[in-house]
1. Out of D780, D790, report the one residue that is in a helix (DSSP H, G or I), surrounded by fewer than 21 Cβ atoms within 10 Å (Cβ to Cβ), of a type outside the set (A, V, I, L, M) and more than 16 Å from ligand 2 (Cβ to nearest atom).
2. Among the small types (G, A, S) and either over 19 Å from P800 (Cβ atoms) or touching a Phe, Trp or Tyr at 6+ places or on another chain (Cβ under 7 Å) (or both) - does that describe any residue in the range 872-881?
3. Which of the residues spanning the range 98-145 are out of contact with any Phe, Trp or Tyr (no Cβ under 8 Å at 6 or more places or on another chain) and among the hydroxyl-bearing types (S, T, Y)?
4. Of the residues that sit in the range 737-777 and are under 22 Å from D643 (Cβ atoms), crowded, with 19+ Cβ neighbours inside 10 Å and charged (D, E, K, R), which one is nearest to the chain's Cα centre (by Cα)?
5. Go through the residues of the range 17-28 one by one and say whether even a single one is surrounded by fewer than 18 Cβ atoms within 10 Å (Cβ to Cβ), in a loop (DSSP other than H, G, I, E, B) and either touching a Pro at 6+ places or on another chain (Cβ under 9 Å) or among the charged types (D, E, K, R) (or both).
6. Identify the residue in the range 447-502 that is assigned to a strand (DSSP E or B) and among the charged types (D, E, K, R) and, among all such residues, is surrounded by the most Cβ atoms within 10 Å (Cβ to Cβ).
7. List the number of the failed condition for G847; all other conditions in (1) within 16 Å of ligand 1 (Cβ to nearest atom); (2) outside any helix (DSSP H, G or I) hold.
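The values are calculated or read from the model by the stated rules, or taken from the named source; none is laboratory data. Bear in mind the structure is a predicted one, so any value in this text is a computation, not a measurement. Cβ coordinates were reconstructed from backbone atoms using ideal geometry, including for glycine residues, and neighbour counts include every protein chain displayed.
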Amino acid sequence: MSKKWVYLFREVEEAEEYAGDWEGVRGLLGGKGANLAEMTRIGVPVPPGFTATTEACNAYLEVGEQFPEGMWDQMLAAMKTVEEETGKTFGDPTNPLLVSCRSGAKFSMPGMMDTVLNIGLNDKTAQGMVQLTENETFVYNSYRRLVQMFGSVVLGISDEEFEHAITERKEERGIKDDTELNADDWKALTEEFKAIVRKHKGFDFPQDPVEQLKLATEAVFKSWNGKPAIAYRNRENIPHDLGTGVNIVTMVFGNMGWDSGTGVTFTRNPATGEKELYGDYLLNAQGEDVVAGIRNTKDIEELQDEMPEVYQEFVQICDRLEHHYREMQDVEFTIERGKLWMLQTRNGKRTAKAAIKIAVDMTSEALISKEEAVQRVRPQHVDALLHPQFDPKAKDRAREEGTYLASGVNASPGAAVGIAAFDADLAEQWGLAGKEVIMVRPETKPDDVHGMIASRGILTSRGGATSHAAVVARQFGTPAVVGCEAIVIDLETRLLEVNGKVVKEGEWVSIDGTTGEVFAGQIATQAPSFEEQSELRQLLEWADAICAEDGVRSWPGDYAGFPTKGLQVWANADYPRDAQRARQFGARGIGLCRTEHMFFEEERLPIVQAMILSKSSEERKLHLDKLLPFQREDFAGLFEAMDGLPVIIRLIDPPLHEFLPSKDDLLVEVTEMRMKAARLEKKGKKKKLAKLEAKLADKEKMLQAVESLEEANPMMGLRGIRLGITMPEITQMQVRAIFEAACDKAKEGIDVHPEIMIPLTGHYNELDVANKLLVPVAKDVMDEKGIEIDYKFGTMLEIPRAAVTADQVAEYAEFFSFGTNDLTQMTFGYSRDDAERNFLLYYVEHGILPNNPFQTLDRDGVGQLVKMGVRRGRQTRPELEVGICGEHGGDPNSIEFCHIAGLNYVSCSPFRVPVARLAAAHAALDHSA
Ligand code: PEP
Ligand code: MG
């Protein structure tokens, strides 16, 4: 017997048995097929039908587009069963069965693949249907739709040609809406469409329903490898080998008159997350009329007045589906002569804001647990919520200045500013060139997706909240305003116009996807307030609680000292204001304060330079004494902001030449000054010459200093701990400043926990020397101030040797922090400053490397050094505190690795702290003990 390629909707148990679990069923039948089967099982009204599996699709594509053995026979047998269930017969003019053929992959790919409706209609069955329904308008509208969809989807004829014929007809008849076309119009259009098929293909539209079914099934299989589908999968990281299912569903008609209709509804608002039905419907229409945005839809609430009983049943079904799936659903339904049918349900796509609100609300409603809520929100959702909005004042000003154009549907929130591009290709071209683009279209279609991906925002003049543009934009987190009807888009002259105001292609436009407003020009944006986002804060508190649980990590017995709680999230912050923000965002400590950043400030740089140019240790000390109060003040602010939490302060790290002017600039200046001096001498201008020579001497001194500090490989040169050892006065001043600040603040009652971090250690002897130079300074200050404070001395692990010898290093370090920027640089031997521009991006694009290792921690190489460093370090010192402060500390994938490797915390920039808190909880849940 051949393999089972086809499952009736009522055969969900068989599918489960074969596929193992629900995930398997979704993989086998595709999301749509699995859910149709599941709805059938729980007694929701679904029209009879069946699914040809994704395995059949893959087999079909693999063997050069041939149905696998037995599949077609199984489809024909399943058709027979559907005939029995419906009491109708496929191809029988007296009582014809009509079906739709719909794609459905494991992961929803809205609008990316094909659908054909009304299969089974031909000249004869159409006549039969007229007799049955006594509704010629409906029948010929359905028939022309089949020819149109078959022509475009199966036979590859441009849909515009069919649409053009409809538009022409309406113009001739002086009408606006498709519903005003009568039976004669649709009949004539059906014939016209058949002629279009003949003209393009040289054969007639197939009259045989079985052939229609076969060709439509093949077209859906093939659409898995269509350009839009591939682009979408690349964008969404969906594997290319999943295949699509084909669902054959008995047609039910929403266009049988004004007691019929069709709609698309979310069980909660997908933009805001509010618990309310959100969607549109149309009476006397078929499904894609709603989605295509050609006719203006009605809000789902209006159905309550138009068909109260159907509405009640619909509300109950929505509730049942939400409870069954424990997720917000996106449903499609049709009402055929007063009878409600559900055609689809799936987990609804949503904005970041909605994702978070729904997760938190469903927890309060006891539908899901806190852990599930945390797992349902993705790091990119949190990211999007911290994205910019229009600055209200700038928006008011824009209004006053009259740049407001119009308002449409607020389909996907967030503010976006860009130049208008009127087609997807141009949007993509400009976007790839680094321009900020708003793609402006009357409506969008699946083959516009590449342009949407490259755009900052989407603006359309047609379509509603469930139109293609809205659904896709929401999913990408791209702000979108759709159905902005007041805007007239002229694709010929490449401009949009509203009441005489014009925006041409390439001119700026600003859209507010949160409110639906559209403005000409650029409006300033601002980051949203984290404080106001109560649901996000709630969710992140749950995330923290998950990580703080004892026992979420467990380790093999010989693995001493590993934390059993999850990761904490700390922040990299140099200034008190950054520390405050980090704390607001939920950071539990400062993991890295790069002290040298403060050296660059205007009033300090000259002191730093004078210190570098000093001839002796004494002279250097004099200048350092002037720097000390500044540093003390900086540190005092940090301790205050982080009252009660650890603050890791790293001693000076970069090579000194970074604080001096560039050699090239100095050479130019010195040469110009010398030439000018020669001219002044010639002219005998002694006073001016003397002044200039004094300046020249200073510059030459600086040039000499720069030349003397010049190194062939400065990143591997005199920096980090090496600098601290050869010029101990600098780090001694820093330690004094840290302890003076700490002692002063401790006396004020602030709970200070300074941790002194030494960068770039390669050999434990370096740390031994540094400790001997610095610990006495700390002790002296505490003696002077008469107060003891809790502190640690530790080091960064940034050099492979330090990681490999971490057991020795840990003898001298009370904590480790992985500086994975340098560690990646030194492990790969790639310059972190040049690699990206020279070859690294090429490597990533061509698959030579899976990721940019400066963004995503290289688990196989750098990661092994991290693991080794942690393990060996804790062999010596079981309580060793270990963190990461390289850029990877804010990257979700790398955070997961840090959890696995046994780090205590990750430290990242303040704005990434919320994302990192979520990622840390995901790691804890995904790898829980
Ligand atoms: C690192 O190397 O990862 C690090 C945090 O230090 P910096 O980036 O300052 O070199
Ligand atoms: Mg470093």
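1. D780
2. Step one: filter the range 872-881 for residues among the small types (G, A, S), giving 873.
Then keep just the ones that are either over 19 Å from P800 (Cβ atoms) or touching a Phe, Trp or Tyr at 6+ places or on another chain (Cβ under 7 Å) (or both); that gives 873.
So far as the range 872-881 goes, yes, one or more of its residues are among the small types (G, A, S) and either over 19 Å from P800 (Cβ atoms) or touching a Phe, Trp or Tyr at 6+ places or on another chain (Cβ under 7 Å) (or both).
3. Answer for the range 98-145, where residues must be out of contact with any Phe, Trp or Tyr (no Cβ under 8 Å at 6 or more places or on another chain) and among the hydroxyl-bearing types (S, T, Y): S100, S108, T115, T125, T133.
4. Out of the qualifying residues, it is E755.
5. yes
6. Per the criteria, the residue is E497.
7. (1)
Matching residues to (1) within 30 Å of N135 (Cα to Cα); (2) free of Cβ contacts under 8 Å to residues at least 24 places away in the same chain; (3) surrounded by fewer than 22 Cβ atoms within 10 Å (Cβ to Cβ); (4) under 21 Å from the mean Cα position of the chain (by Cα):
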| site | (1), (2), (3), (4) |
| --- | --- |
| R337 | yes, no, yes, no |
| W341 | yes, no, yes, no |
| G348 | no, no, no, yes |
| K357 | no, no, no, yes |
| D361 | no, no, yes, no |
| L367 | no, no, yes, no |
| V377 | no, no, no, yes |
